[in-house]
Amino acid sequence: MIYSVEQLAINDSFIAYCYEQDVEAMSYWNKYLAQHPEQLKTMQEAKELVLGLKTMLYKKQDELSADTSASHNTLYVVDHKATTINHENGRVRFLNGLKKWLPAASVILILMLPVLFLLSERNKLKIEKTAISQKIITETGMHKKVFLPDGTSVTLNAGSELSVSPTFGKKDRNVYLIGEGLFDVAHNKELPFVVHTDRYKVKALGTRFNVKCYMNDPTSETSLLEGKVQILVNGGAKDVVYKTLEVNQKFVIKNESDSIQTKEEVTAHVAPLAYDDANRNIETAWVNNFLIFEDMKLGEIKNILERRFDVEIVIKDSKLLDYRYTASFEKETIDEILEALQLSYPFSYKQKESKIILEK
């Protein structure tokens with residue numbers, strides 16, 4: 001595939017390559033460049049844009065830090081669609097065109113003038129200045145990247161909500177998540193970063209981890225990629241540490257109807273992170289638009305496909321819910337995915353607009 005500057009600038013794998021954060025991403029793009037040397041100039045321009053954007057955002061945060069009321073009540077959202085469905089031809093179109101910059105205040109417009117000049121005739125990322133107490137919501141079929149005032153970045157998966165404490169950066173660094181997010185936390189030993197979910201909390205000082213806590217999934221989990229995090233549960237008068245995760249470990253807890261009361265009531269375990277045959281981390285594959293199923297029940301796959309493709313899937317026969325599949329997909333349409341799954345355990349399906357019905 002041949003990429004444009006705009007496509008590369010919103011590709012999460014390419015961004016990780018630019019920041020030299022991910023060995024897999026660096027290996028992929030180095031190999032890609034070896035196969036496509038004509039893309040060198042395009043990749044260089046895209047890298048300058050990615051790094052320039054990060055520098056400008058951090059510079060803005062430094063400027064705002066002098067004004068505590070501004071610095072602790074501002075965050076930035078980079079909003080881009082991950083996938084969308086073209087119902088006319090059944091193909092998935094990956095929306096790689098960058099949206100126009102739409103600053104929410106004149107100060108942001110002035111700050112971004114160099115980037116606007118650089119991208120004059122190109123489509124552009126949409127950066128929004130948003131009240132920190134406001135929820136950031138990603139619809140189904142969408143991803144969003146959020147930059148918090150402390151420099152932390154959060155990539156939100158489809159169907160997610162992120163709320164930030166009004167006292168963020170002053171008294172705490174508390175955020176509240178429903179759905180899934182990949183957190184790259186800025187270091188601050190004075191103010192621990194805490195992700196609140198319905199079932200537990202994740203406490204970190206400066207690290208990189210993924211939290212998945214969709215209400216309709218059978219489990220919630222936290223996967224640690226760098227550093228250390230503590231899993232906190234209700235201990236009565238105060239939270240207690242249930243487990244301290246090491247790199248390449250994940251905490252998995254059942255999503256039961258009742259909220260956790262004590263540490264003893266937690267139904268959970270710690271497991272190693274999973275990787276597929278291509279050495280891709282399964283827990284965070286979604287960031288790069290991969291769907292990887294490892295011995296996964298169809299009932300869980302249903303939830304993932306609904307969020308990914310913005311559809312409703314109804315499974316008529318309850319026996320289908322326990323069918324297990326191992327497969328990986330990237331650019332396939334939902335029809336192609338369902339047809340591939342049929343090859344392992346047969347079922348029939350019919351689709352009318354955005355509703356899909358599965359039967360045995």
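The values are calculated or read from the model by the stated rules, or taken from the named source; none is laboratory data. These figures come from a predicted structure and were not determined experimentally. Ideal geometry is used to build each Cβ from the backbone, glycine not excepted, and the neighbour counts take in all protein chains shown.
The table that follows gives values for the structure above.
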item	result
Only listed residue being more than 23 Å from Ser153 (Cβ to Cβ) and either more than 17 Å from the chain's Cα centre (by Cα) or not assigned by TED's automatic domain parsing to the domain that holds Thr140 (or both), chosen from Asn188, Asn174, Asn248, Asn255	Asn255
The range 122-163, subset closer than 19 Å to Val50 by Cβ and charged (D, E, K, R), residue modelled with the lowest pLDDT	Lys124
Count of residues meeting criterion [assigned to a loop (DSSP other than H, G, I, E, B) and in contact with a strand residue (DSSP E or B) (Cβ under 8 Å, 6 or more places away or on another chain)] in the range 324-345	6
Some residue of the range 284-297 being within 19 Å of Lys145 (Cα to Cα), charged (D, E, K, R), modelled with pLDDT under 95 and touching a Leu at 6+ places or on another chain (Cβ under 7 Å)	no
Condition broken by Leu321, with the remaining ones in (1) over 23 Å from the mean Cα position of the chain (by Cα); (2) among the aliphatic types (A, V, I, L, M); (3) buried (at least 19 other Cβ atoms within 10 Å of the Cβ) satisfied	(3)
Hey, Ile304 under 27 Å from Leu273 (Cα atoms) and touching a residue at least 12 places away in the same chain (Cβ under 8 Å) or not	yes
Selection count where residues are within 26 Å of the chain's Cα centre (by Cα), surrounded by 12 or more Cβ atoms within 10 Å (Cβ to Cβ) and basic (Lys, Arg), scope the range 324-360	2
Residue within the range 205-213 that is under 24 Å from Ala274 (Cα atoms), modelled with pLDDT under 95 and surrounded by fewer than 18 Cβ atoms within 10 Å (Cβ to Cβ) present	no
Qualifying residue in the range 24-44 (condition: at pLDDT below 75, of a type in the set (Lys, Arg) and either within 22 Å of Ala285 (Cα to Cα) or surrounded by 14 or more Cβ atoms within 10 Å (Cβ to Cβ) (or both))	no
Restricting the range 252-266 to residues that are surrounded by 12 or more Cβ atoms within 10 Å (Cβ to Cβ) and closer than 15 Å to Asp217 by Cα, the residue that is modelled with the highest pLDDT	Val252
Residue within the range 178-200 that is in contact with a helix residue (DSSP H, G or I) (Cβ under 6 Å, 6 or more places away or on another chain) and farther than 13 Å from Gln230 by Cα present	yes
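Yes/no per residue for (1) in the same structural domain as Ala340 (by TED's automatic domain parsing); (2) over 14 Å from Ser13 (Cβ atoms); (3) assigned to a loop (DSSP other than H, G, I, E, B); (4) more than 17 Å from the chain's Cα centre (by Cα):
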{"position": "Glu283", "(1), (2), (3), (4)": "no, yes, yes, no"}
{"position": "Gly299", "(1), (2), (3), (4)": "yes, yes, no, yes"}
{"position": "Glu306", "(1), (2), (3), (4)": "yes, yes, no, no"}
{"position": "Val314", "(1), (2), (3), (4)": "yes, yes, no, yes"}
